1. Taking the stretch 146-191, which residues are modelled with pLDDT under 90, more than 16 Å from Phe69 (Cα to Cα) and either touching a Pro at 6+ places or on another chain (Cβ under 8 Å) or assigned to a helix (DSSP H, G or I) (or both)?
2. Please specify each residue of the stretch 184-199 satisfying the condition of being surrounded by 18 or more Cβ atoms within 10 Å (Cβ to Cβ) and under 25 Å from Ile112 (Cα atoms).
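The values are calculated or read from the model by the stated rules, or taken from the named source; none is laboratory data. Note that the structure is a prediction, hence the values are computed from the model and not measured. Methodologically, a virtual Cβ is constructed for each residue, glycine included, from the backbone with ideal geometry; neighbour enumeration extends over all protein chains shown.
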Amino acid sequence: MSRAAAIKHGYTTGARGLASRSVVGLTRTRVTPNALTASGVALCATASILVLFEGRNEILFYWLAAAVFVAGSLLDILDGALARAGGKTTPFGAFLDSTTDRVSEGFMLTAIAYVLATQHRPVFVAVAMAGVAGSFLVSYTRAKAEALGLRGDVGIGSRAERVVVITAGLVLAPWGVLPWALVLLAATAWVTVAQRVLHVRKQLIQGEQS
């Protein structure tokens, strides 16, 4: 395992452990994982709407959007942890969770693209669309690899990293950083797609040789 992969594995494992401990109390309530999933999507959709009001007060609406987006993304982490801790995992729940991940991210990136379009910055609108396509393909390549019985979770730009990049871009948007955060997001997403394609190819070759 490379150093970068080891670092990523470390913070991913730590985040999952923290999430598992955070939902212990929820396992004794009637709150369901699907309810958390729906709440997370609703918050991310709300965050994307807040971005559209940035013209009224950049710091207020960008920062508020960032806070709400983080809250929605955290609920999206906790739904899986609640399902595992409470023994409520279901195939449909897993399907719904992975689908709503894309919806939440798509809402935010579309809202940002719209704002950039109103600012007459077509190059960065294209970058935002490339980021949407890349993030969707990151998820697709993993799902397709796992459907083949292979590992597909490698790469530098999984959802957690993309949430961090989007949030940082929103927080620093009043100072012109948001378009460049999109560049970083799109680049890491497409690099991750390439990493996963190559990793799947490597596993298939090794399987044929064994």
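1. Residues satisfying the conditions are Glu146, Ala147.
2. Selection gives Leu184, Leu185, Ala186, Thr188, Ala189, Trp190, Thr192, Val193.
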